[in-house]
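Before any comments, here is the structure.
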Amino acid sequence: MSVVQHLPALQVVIPLLAAPLTVLLRHRALAFVVALLASWTAFGISVALWLQVEHGGVVSYAIGNWPPPWGIEYRVDRLSAFMLVLVSGMAAMVLPYCWRSVEHEVPAQQHYLFFTMFLLCLTGLLGIAITGDAFNIFVFLEISSLSTYVLIALGRDRRALVASYQYLIMGTIGATFIVIGIGLLYLMTGTLNLVDMGQRLAAVQGTHPVLAALAFLTVGISLKLALFPLHQWLPNAYAYAPSPVSAFLAATATKVAVYVLLRFYFSVFGQSQVFGLLPMKEAMLLLALAGMFAASTIAIFQSDLKRLFAYSSVGQIGYIILGLSFDSASGLTATILHLFNHGITKGAIFMLLGMIAIVMGGTSLSRIQGLGKRMPLTSFGVVLCGLSLIGVPGTAGFISKWYLLLAALENGQWWLVFLILLSSLLAVAYVWRFVEVAYFREPRKDTGIDAQVPLSMGLPAVLLVAATVVFGLITGFTVGSASKAAAFLMGGLL
Amino acid sequence: MRHDLILRVIAKLLIPFILLFALYVQFHGDFGPGGGFQAGVILAAAVIFYALIYGLADARKVVPEPLVESMMAVGVMIYGGVGVAGLLLGGNFLDYFVLDHDSVHGQHRGIFWVEVGVATTVSGVMLKIFYMFADRGNADDE
Amino acid sequence: MAITVLVIARSRNLFGVIVLGGIYSFLMATVLVAMDAVDVAMTEAAVGAGISTVLFLGALYLCKSEEAQPVNKPWLPLLVSLAVGAALVYGTVGLPEFSNPQAPIHTHVVPRYLNDIKTEVDVPNVVTAVLASYRGYDTFGETTVVFTAGAGVVALLRRRRNKSKDRKA
Amino acid sequence: MSLGGHFTYFITIFLMIAGLFIVIARGNLVKKLVGLGIFQTSVYLLYIAPGKLVGGTAPILSEAFTVYSSPLPHVLILTAIVVGVATLALGLALVVRIREAYDSIEEDQILERDNQPGREDAA
C-alpha cells in the first residue's frame, strides 16, 4: 500500500485522533506539540492532495471499502482541494500563535483542552470540505460547531458566554434546517451520496420537496455563513472569543459554510435548478448588497476594533455572495477568490488585534490611541490588511474585487460596479477610524503594559500580512485554482 | 438519603443487574436492538444511580475522575484504531474486510471493537458531564 | 404528544416543563416503535427521557426554576415559525405517500443492505450493520461529537483553583 | 395524494413549528433548549416515518419476515439523536456558567446587565 493513496482519509483522521491524544496527555506543552504536528501534517497533506487533483482530476476514496452510494465517500475535487489548503493552512499559521496567546486569554487549567477543541474544530472543517456524503457533512458540521461554541466561551469576558450561547442556538437551528433539507432530498432520491443525489435529482427536478429542500438548505447554511439578516451571532462571537479563535474562525468557518452552499448548489441541485426555478439570483443580490452596505455602515460606528472588523466580515460575506448571484463562471471565480483572500486578510487582522490586546490591554478605540508610535509594525500591518479589505491595488483584496467588477461588467450591470465602489468607500471609512486613532492621537498615559509581543505570535501574523500582499501581486495560485474550480462547478462535471 | 437502608440495599441489588443489562445490550446489538451507544448510556446510568444513593464521594472512589476523562479519549482512539488497523493491513480507512482472513469474520471483529469504542466514550462522557454538573452544585453551597 | 408540546409552550414552571419534556420523549419513543424503529426508540427513551432530563434537572438545580413573564408579544417568532411550517407543508405535499414501497428510499441503496447483508456482513440487525460498517464513518464522527461535548463541558465547568484570577468582568 | 398519506408529515410539521416557536419566542435560556430539543425531535419523525412499510417489521433479519422497514433512516437518526444530546449538554453547561456570571437566565435581563454604562472598557 502506498501512503499517497490514503491521503484523503489521513487528512481528517490525523487531527481527529490527535484530539483525544491531547486529552490523554493532559499537559499543556505536550498537547501543543501534538496539535502543532497534527496541523502541520494536515497542511502538508492538503498541499499534496491539491497537487494530485491538479494533475489527476477528482480523487475519490471509499471509506471502509464500501463503494458509494452504500458507504461514505471522500471526494476531493478542485474546489474542495482549494478549501482544504485554505483551512489547514490557516490552522498551521494560527496554532503557533496560540501558544503565547492562550496564556493571556484562557485560564491555565484549560490550556490543553483549548488545543483539543482547536483540533476538533479543524477536523470538522476539513471533514466538511472533503466529504462526498450529505449526512456526513452534517456530522462534521456539528463537530466543528460544538468545538467552536466551546472555543468562543473560553474567552475571558463574561459576554463571551452569552455570545457562545446565542451562536449555539442559531447554529443548531441552522444545522437542523440543513438536516431537514438533506432529509427531503433523501426522501426524494433515496441516496445520501452527493454525486449520486445530483444525478438522481434530475428525474424529479422542480418538484415541491426539492424546492423546499433548496430553501431549507439555503436558509440553514446562510445562518452558518452569517449572510446579512442572519448574522446576529457573528459580531459578538468574534468580538469576545480569544483572538486566535477569532482569527481562525474568521478565516475558515464562514468560508467552509460558503463551500457547503456551493457544493449543494452546483453539485447537487445544478445551477439551472437553483437559478432557474426560484428567484434565487435576485434574492441573493439583494441580501448581498444589503449586507455590504448595512454591515459596513454599522462597522463604522463601533467603538471596539474587534467588533468593528467582525461587522466588516459580515459586509465582506456580502461580496462573496454577490459573486455567486451573477450565475456566471467569472462571478463564481470572484466568489472563490474572495473566500481565500478575505480569509487570509481577516485572519491576519484578528491576529494583529490579539497582539494589540496584549500590549495595550484591550482593543477599544479609546485604548489604542497613539498605537502608531507604540507598536509601529503592528499598526502598519493592520493598515495593510485594511487596504486589502478596501481593495487597493497591490493587495489580495484588490484581485477579488477586480474579478467581481469584471463579472458585473460581463453581465452589463453598470450600476453594480458603482455600488461595489461605493461600498468600498464605507470600508475606507472604517479603516480610517483605526488610522485616525492610531496615528493622529497622542497615546493615553494610563494604558500600555510593558509587554513585548512574543516572536511566536508576531511571526505568523507577519507571514499572513505578507501573504495578503503576496497574493495581491502573484496571483497564479489563487486565480488559477479559483477559475478552474469555478469552471469545474459550472460545467457540472461530476 | 445517605442513611436510608432500604434504598441502599435495593441499589446494591439492582446495580449488578443494570451492569449486566448494559453488557447484554452491548454484545447483543448484532441480533436485537441496542449497541454501543445505548450500552454506554446504561453503564453511565448505573454509576449515576450509585452516586445518587451512596453520595458523590463514594462514586468517585469507585470510578475516579481521571479514569473517566481517559475513557472519553480512549473510546475515540479505539474506534480510530480500528480504522488505522484497516489501513495498516492494506485496506482503506475503517476497512473491516482485511481484519481477518475471512472477510465476513473481519466485519464482525470490526463491528465488535467499534462498538466497544463507542460505549467507552459515551459512558465516559456521560459520567464526566454528571460529575461536572454535580461539582458545580456543591460549589454553590460553599 | 401535540398537547404535551402546547403545555410546554405555555407553562412557565421550568420544572414542569422538563418533566413534560421527558414525557414527550417517551411518547415519541412509543411512536418510533410503532414505526418499526426499535433501535431509535430505545435510544430516544434513554437519551430523551433519561439523560436529557437528568441534565436539565441538574442544570435547573443550579439555576432558578421560574420563567419570567415575557415582555414583548411573540408575534414575530410566531410568524417565522409558521412560515417555516408553510414551507414544509409545501415541500411534503409532493413527497411519496406514507408506506409506499415504491418510494425512492425503498428502491435505491437500501435493497443492498437488506439483501446482501448475509453474505457481506452477516449481522442480523441491519441497523447495527449499517451503523457500524457501511456508514461506520458517520458513527466515528458521532463518537467524536460526543467526545467534543464531553471535553467541552469539562472545559466550561471545571472548577478553577484560583477563583480570584478569572472572570474579572 | 390523499390526506391520510401525508398525515404523519403534518404531525411532524406541527411539532416542528411549536419547537421553533419556543426557541425563538422564549427568553428563558433553559426553555429555549427544551424547544430546541422538540424541534430536533420532530425532524426524527420526518426521517423515520417514510421508512415504515405497513406490514413490515423492524429491520432485524430473520427467516420469518420478508418485508422490512428501511434501516438507513434509523441509522441517520441514531446519529442525529446523539448529536442532539451532545449539543444539549453543551448548551446547559453554558447556561450554568451564564447563570454564575450574571445571576440570571433570562435573556433580556442579561442583555440589560451588559448594557449598563461604564462597562465598555472594563477589561
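The values are calculated or read from the model by the stated rules, or taken from the named source; none is laboratory data. Being a predicted model, the structure only gives us computed values, none of them experimental. Using ideal geometry, Cβ is built from the backbone for each residue, glycine included, and neighbour counts are taken over all protein chains shown. Side chains included, ligands, DNA and RNA excluded: accessible areas come from the protein's heavy atoms. Shrake-Rupley method; radii C 1.70, N 1.55, O 1.52, S 1.80 Å.
Report, in degrees rounded to the nearest 10, the 0 to 90 angle that the Cα long axis of helix A:305-325 makes with the longest principal axis of chain A.
30 degrees
When only alpha-carbon atoms count, how far does the stretch A:45-171 stretch along each of its three principal axes, as whole angstroms with the largest first?
Rounded to whole Å, the extents work out to 48, 30, 22 Å.
So how strong a dipole does the stretch A:279-494 carry about its Cα centre when Lys and Arg Cβ are +1 and Asp and Glu Cβ are -1, to the nearest 20 debye?
400 debye
D plus C alone minus the pair: what accessible area, both sides summed, probe 1.4 Å, in Å² to 100? Mind dumping the intermediate values first?
Values: alone 9100 and 14140 Å², together 15860 Å².
Looking at D and C, the buried total is near 7400 Å².
Compute the Cα gyration tensor for chain A, then decide on rounded, prolate or oblate, letting a ≥ b ≥ c be the square roots of its eigenvalues: rounded whenever a/c is under 1.5, prolate when a/b is larger than b/c in the other cases, and oblate in all that remain.
Note, shape of chain A comes out oblate.
Counting only residues 5 or more places away or on other chains, whose amide H sits under 5 Å from the amide H of A:Gln369 once H atoms are built in the peptide plane?
For A:Gln369, whose amide H was placed from the backbone, the distant partners under 5 Å are A:Arg444.
Using θ = phi - 60° and the Karplus form 6.51 cos²θ - 1.76 cosθ + 1.60, what ³J(HN,Hα) does each residue of the stretch B:121-126 get, whole Hz, x for Gly and Pro?
4, 4, 5, x, 5, 4
Holding the Cα-Cα limit at 26 Å, pick out from B:Lys128/D:Lys31; A:Lys255/A:Lys306; A:Lys281/D:Lys32 the pairs that are longer than that. Could the numbers behind the result be given before it?
Numbers: B:Lys128/D:Lys31 24 Å; A:Lys255/A:Lys306 19 Å; A:Lys281/D:Lys32 34 Å.
A:Lys281/D:Lys32, as the Cα separations exceed 26 Å there.
Given H placed 1.01 Å from N in the peptide plane, which residues other than close sequence neighbours of D:Asn28 have an amide H under 5 Å from its amide H?
D:Glu107
Between B and C, buried accessible area summed over both sides at probe 1.4 Å, in Å² to the nearest 100?
Values: alone 8900 and 14140 Å², together 19310 Å².
The summed interface area works out to 3700 Å².
What are the ³J(HN,Hα) values, in whole Hz, obtained from phi via the Karplus relation 6.51 cos²θ - 1.76 cosθ + 1.60 with θ = phi - 60°, for each residue of the stretch A:137-146 in sequence order, with x given for Gly and Pro?
For the stretch A:137-146, the Karplus curve yields 4, 4, 4, 6, 4, 5, 4, 5, 5, 4 Hz.
Got a sec to turn the phi values of the stretch A:373-386 into Karplus ³J(HN,Hα) couplings, 6.51 cos²θ - 1.76 cosθ + 1.60 with θ = phi - 60°, whole Hz, x for Gly and Pro?
Karplus-based 3J(HN,Hα) across the stretch A:373-386 equals 7, 7, 10, x, 5, 4, 5, 4, x, 4, 5, 4, 5, x Hz.
Measure off, as a whole percent, the carbon and sulfur share of the 1.4 Å-probe accessible area of the protein assembly as shown, all protein chains present.
68 percent
Grab the DSSP H runs of the protein assembly as shown that are 4 residues or longer, score each as -39,500 (n - 2.57), total them, divide by all residues and round the 222 nm result to the nearest 500 deg cm²/dmol.
On the way: 38 runs with 675 residues, N = 928.
It comes out at -24500 deg cm²/dmol, rounded to the nearest 500.
Based on the alpha-carbon gyration tensor of the stretch A:1-276 and its eigenvalue square roots a ≥ b ≥ c, which shape applies: rounded if a/c is under 1.5, prolate if not and a/b is larger than b/c, or oblate?
Details: a/c = 2.24, a/b = 1.34, b/c = 1.68.
In terms of gyration-tensor shape, oblate.
Only Lys, Arg, Asp and Glu count, each charged at its Cβ (+1, +1, -1, -1), so figure out the dipole size of the stretch A:88-211 about its Cα centre, rounded to 20 debye. Write out the running numbers ahead of the final one.
Numbers: 5 positive and 6 negative charges, 42 e Å.
The dipole magnitude comes to about 200 debye.
How far is it, in nm, from the label point at B:Asp102 to the one at C:Tyr90 when both lie 7 Å from their Cα along the line to the Cβ?
So the two model labels end up 5.6 nm from each other.
Nearest 100 Å², what total accessible surface is buried between chain D and chain A (probe 1.4 Å)? Before the final figure, lay out each step's value.
Numbers: alone 9100 and 18050 Å², together 23890 Å².
Adding both sides of the contact gives about 3300 Å².
Taking 25 °C and 0.890 mPa s as the conditions, I'd like the Stokes-Einstein D for the protein assembly as shown in µm²/s, using the Kirkwood hydrodynamic radius from alpha carbon pairs.
On the way: Rh = 27.8 Å.
It comes out at roughly 88 µm²/s.
In Å², what does the accessible area per residue of the protein assembly as shown work out to with a 1.4 Å probe? If you can, show how the numbers build up before the last one.
Details: 30490 Å² over 928 residues.
That works out to 33 Å² per residue.
Relative to the first principal axis of the alpha-carbon coordinates of chain A, what is the inclination of helix A:28-56, with its axis defined by its Cα atoms, in degrees from 0 to 90 and to the nearest 10?
Long axis of A:28-56 versus the principal axis of chain A: about 50 degrees.
Using amide H atoms built 1.01 Å from N in the peptide plane, name the residues 5+ places from D:Tyr68, or on other chains, whose amide H lies under 5 Å from its own.
D:Thr57
Say the dipole of chain A comes from +1 at the beta carbon of Lys and Arg and -1 at that of Asp and Glu; which of A:Phe43, A:His111, A:Leu7 then lies farthest toward its positive end?
Going by the charge dipole, the pick is A:His111.
Treating the angle as unsigned and between 0 and 90°, give the value, to the nearest 10°, between the Cα long axis of helix A:476-491 and the longest Cα principal axis of chain A.
The two axes meet at around 30 degrees.
Can you tell me what share of the DSSP beta bridges in the protein assembly as shown is antiparallel? A percent to the nearest 5 is fine. Intermediate results must be reported in sequence, preceding the final value.
Values: 10 of 11 bridges.
Around 90 percent of the beta bridges assigned by DSSP in the protein assembly as shown are antiparallel ones.
Just counting partner chain Cβ atoms within 10 Å, what average do the residues of peptide A:193-206 show around their Cβ? Don't skip to the end; give the middle numbers.
Details: counts 1, 0, 0, 2, 0, 0, 0, 2, 0, 0, 1, 2, 0, 1.
Counting other chains' Cβ atoms within 10 Å and averaging over A:193-206 gives 1.
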